[in-house]
Amino acid sequence: SGCKTGTMYSFDNSSPGSPSGVCAGDGSWLYGVTSGGGANNSGAFYRVHQDGSSFTNLYNFSSGTNGSSLPYYHTDGFVYFSENNVIKKYNTANGTTNSITAFSLVQSKNFHIDSNDWMYFVELASPSRLVKMLTDGSSWTVLHDFNSATEGDIGIAGVTEVPGDSLFGIQSEGGTNSGGTLYSIHKDGSSFIVHHQFTSATGSYPYSKL
């Protein structure tokens, strides 16, 4: 007969606040980040039960940093999120948070981690680049350096895996129309193809992954 909608948890007049998004995690937990409030007034990483109970602030972003990526829960029992050029790993089993330092600003809205524990994301270097690394921080590899004028720039939307060992991604700006691009690439970095140049007439500046 359809689904009911309602408020699970309200961030009104609370700290942390200004939620950016959530992911489903272990058990009945949801994990999310905010862009405001917290100990440094720069946002926080939190968890809350799916019924809205037991809200817990797990990590406070540093002053002036703001959480930019949606959390990603992986089958290894870690929740991944980013802060500047650091990838954070929250261990759901013991509540600890570890850090992996990347080489440039990581601002993908959503990481992608495949079944072989390879993590894929765009670093906002100059030019921006699609990279992969194992979830333990090893084997950092550049898959593609983007030509901002023709291939797009600012890949904050993230990438999506499709059958056939390929990734589809969104660049939110740049390209021949300066409105962003849609591209695909194999996981080994080969066969990069730009499939669409976004335009103001049909929609530009895409900010969500496929």
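Residues in the range 1-22 that are outside any loop (DSSP other than H, G, I, E, B) and open to solvent by less than 40 Å² (accessible area, probe 1.4 Å) were compared, and the one that is nearest to Tyr80 (Cα to Cα) is Gly21. For the range 167-195, the tally of residues that are exposed (fewer than 14 other Cβ atoms within 10 Å of the Cβ) and either out of contact with any strand residue (DSSP E or B) (no Cβ under 9 Å at 6 or more places or on another chain) or not charged (D, E, K, R) (or both) stands at 4.
Please state which one of Ser28, Ser69, Ser42, Ser53 is farther than 17 Å from Asn110 by Cα and at pLDDT below 90. Lay out the reasoning, then the answer.
On the way: Ser28 fails: at pLDDT below 90; Ser69 fails: farther than 17 Å from Asn110 by Cα; Ser53 fails: at pLDDT below 90.
After ruling out the rest, the residue left standing is Ser42.
There is at least one residue in the range 109-121 that is farther than 21 Å from Leu182 by Cβ, in contact (Cβ under 8 Å) with a residue 60 or more places away in the chain, among the aromatic types (Phe, Trp, Tyr) and open to solvent by 20 Å² or more (accessible area, probe 1.4 Å). Looking only at residues of the range 144-166 that are over 20 Å from Phe81 (Cα atoms) and either in contact with a Phe, Trp or Tyr (Cβ under 8 Å, 6 or more places away or on another chain) or without any contact (Cβ under 8 Å) to a residue 12 or more places away in the chain (or both), we find that the one that is most open to solvent (accessible area, probe 1.4 Å) is Pro163. Here is the figure for the range 88-108: residues that are of a type in the set (Val, Ile, Thr) and either open to solvent by 30 Å² or more (accessible area, probe 1.4 Å) or within 17 Å of Gly25 (Cβ to Cβ) (or both) total 4. Between Gly43, Gly25, Gly37, the distinction of being open to solvent by less than 30 Å² (accessible area, probe 1.4 Å), touching a residue at least 40 places away in the same chain (Cβ under 8 Å) and in contact with a strand residue (DSSP E or B) (Cβ under 8 Å, 6 or more places away or on another chain) belongs to Gly25 only.
Which residue, of Ser99, Ser54, Ser126, Ser62, is assigned to a strand (DSSP E or B) and small (Gly, Ala, Ser)? Every option except Ser99 fails the conditions. Name the pairs whose Cβ atoms lie under 6 Å apart, with the first residue in the range 195-209 and farther than 11 Å from Asn177 by Cα, the second of a type outside the set (A, V, I, L, M, F, W, C), and 6 or more positions between them or separate chains? Listed by first residue and then by second, the contacts come to Pro206/Ser172; Pro206/Gly180; Tyr207/Ser172; Lys209/Asn110; Lys209/Gly158; Lys209/Thr160.
The values are calculated or read from the model by the stated rules, or taken from the named source; none is laboratory data. As the structure is a computational prediction, the values presented were derived from the model and not from experiment. Virtual Cβ from ideal backbone geometry, glycine too; neighbours counted across all protein chains shown. Just the protein is used for accessible areas: all its heavy atoms, side chains included, with ligands, DNA and RNA removed. Shrake-Rupley method; radii C 1.70, N 1.55, O 1.52, S 1.80 Å.
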